[in-house]
Amino acid sequence: MSNVFYRSSKPYPVAVRGEGVYVVDREGRRYLDGSSGALVANIGHGRAEVADAMAQQARALAFVHGSQFSSDVLEEYAARLMGFLGLPEYRFWAVSGGSEANESAIKLARQYHVERGESERYKIITRVPSYHGASLGALAASGMGARRALYAPLMNEAAWPKMPKPDPQLSGEADADRLRAVLDEAGPETVAAFIAEPVVGASDAALAPGAGYHARIAEICRDAGILFVADEVMSGMGRCGAPLAVRLGGEVTPDLVVLGKGLAAGYAPLAGVAASPEVYRTVMEGSGAFKHGFTYAGHPVSVAAGLSVLDIVEREQLPQCAAQQGQRLLTGLKSLQARHPAVLEARGHGLLLGLVLGDPQTGQACAAPGLADRVAAAARSHGLLTYPGSGALDGTRGDHLLLGPPLSVSNSELGEMLDALDRALSETA
Ligand code: PMP
């Protein structure tokens, strides 16, 4: 028996090693990590350079109390990261995971309004479906029924008005304009912020709005005096073919950008929030401190991992690799769609791609619940790891497969992925 409290009663294989896009288990089986350990391992596994940077930092200074000290590595990283993201005037708030980062962004947005004497602005508009994290605040923000159901009632439901997901039938602008109705219904003077994933990850298989959507959202938020928060935990750091996915369609500057996963690419827990000069100034000139914090925020060893990962991302031009290899993978996925009727759609940006699976008779994405799990299990038996999910339509059921290998993936590895998927779909769908 194991003393580990696993997420489910199914025993897990024990992973022992990572090499590039591959993960090896205790039995010596090699898996091609087609979903980067859930869209995290952007630079691939087993990079000694990052391990060395972490060890060097641990020897010099492993930990400092974040509310009493900064560290050299954090100062350098914040400047380098904001430069890479094209947000040179922004301030980086470091935490350990995406859920913590979204909790931080939500509280920062609310404190921003309190400092301005607008304490009635407490609501955060979010979308359905969406996923912003597992902690209760981030989960209340999330529009993902399957993950919420057991924990109802979540915190004050009225505080999280919901907007429908992007509709590919509408122009980006018309789609974004639907935020106005949600604002009106919520009472615009009670709203603090709007938060969305620029390319939706776990809850809706790489769904992205049309061009012009984010620019219009930013405009509506500005007019309404609310903050625009981009949750780039999954889509950011080059995965979608650019440092920030929110800018794929043009220059857009959210007030807060939430980051995670690809920051330290799985080598250490690192996430954070990039805050605009206006938000930072308002909080510091108001009560003088962001009244929030976590013990391990800005942990120097995690930040050293982040800095080393950023060196690799820039040196190897991984956002460009993601754009190029993503095009190649998407073309392959579309040809799988042409051959397998249960694949209703192949979509996404860069190397954040998704297959929507369903019943070819009805064309409904939710007509064959469990299909994605079966396809993922078959793919795994052929040595390919994917990320199956549900919630394609209503956030409670439905099927999709998220695909996103490390951004350094080669052409032959993409070919291997497509072969394994082809076989898995032939056997199950
Ligand atoms: N936001 C998004 C968009 C995510 O994809 C995730 C994780 N899947 C989170 C937040 C939560 O991050 P974490 O699991 O690191 O807490």
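Quick look at the values:
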{"item": "Counted residues, region 131-153 - those being within 16 Å of the ligand (Cβ to nearest atom) and outside any helix (DSSP H, G or I)", "result": "8"}
{"item": "Whichever residue in region 319-376 is surrounded by 15 or more Cβ atoms within 10 Å (Cβ to Cβ) and β-branched (Val, Ile, Thr) and, among such residues, is modelled with the lowest pLDDT", "result": "Val356"}
{"item": "Test: residue in region 252-263 that is more than 16 Å from the ligand (Cβ to nearest atom), assigned to a loop (DSSP other than H, G, I, E, B) and at positive phi", "result": "no"}
{"item": "Unmet requirement for Asp373, which otherwise passes all of (1) in a helix (DSSP H, G or I); (2) over 28 Å from Val95 (Cβ atoms); (3) in contact (Cβ under 8 Å) with a residue 60 or more places away in the chain", "result": "(3)"}
{"item": "Search result, residues across region 174-191 that are assigned to a helix (DSSP H, G or I) and either crowded, with 19+ Cβ neighbours inside 10 Å or among the aliphatic types (A, V, I, L, M) (or both)", "result": "Ala174, Asp175, Ala176, Leu179, Ala181, Val182, Leu183, Ala186"}
{"item": "Test result for Ala265, surrounded by fewer than 24 Cβ atoms within 10 Å (Cβ to Cβ) and either touching a strand residue (DSSP E or B) at 6+ places or on another chain (Cβ under 9 Å) or small (Gly, Ala, Ser) (or both)", "result": "no"}
{"item": "Positions within region 74-98 being buried (at least 23 other Cβ atoms within 10 Å of the Cβ) and either in a helix (DSSP H, G or I) or acidic (Asp, Glu) (or both), in sequence order", "result": "Leu74, Tyr77, Leu81, Gly98"}
{"item": "Matching entry among Leu39, Leu32 (being of a type in the set (A, V, I, L, M, F, W, C), surrounded by 14 or more Cβ atoms within 10 Å (Cβ to Cβ) and within 16 Å of the ligand (Cβ to nearest atom))", "result": "Leu39"}
{"item": "Unique match (being assigned by TED's automatic domain parsing to the domain that holds Glu189 and at pLDDT below 95) among Ser99, Ser104, Ser119, Ser130", "result": "Ser130"}
{"item": "Some residue of region 45-53 being closer than 24 Å to Ala206 by Cβ, at pLDDT 95 or above and buried (at least 20 other Cβ atoms within 10 Å of the Cβ)", "result": "yes"}
{"item": "Boolean, Ala245 is among the aliphatic types (A, V, I, L, M), touching a residue at least 40 places away in the same chain (Cβ under 8 Å) and under 28 Å from Ser408 (Cβ atoms)", "result": "yes"}
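The values are calculated or read from the model by the stated rules, or taken from the named source; none is laboratory data. Quantities reported herein were computed from a predicted structural model and do not represent experimental measurements. Every residue, glycine among them, receives a Cβ derived from its backbone with ideal geometry; neighbour counts consider all protein chains shown.
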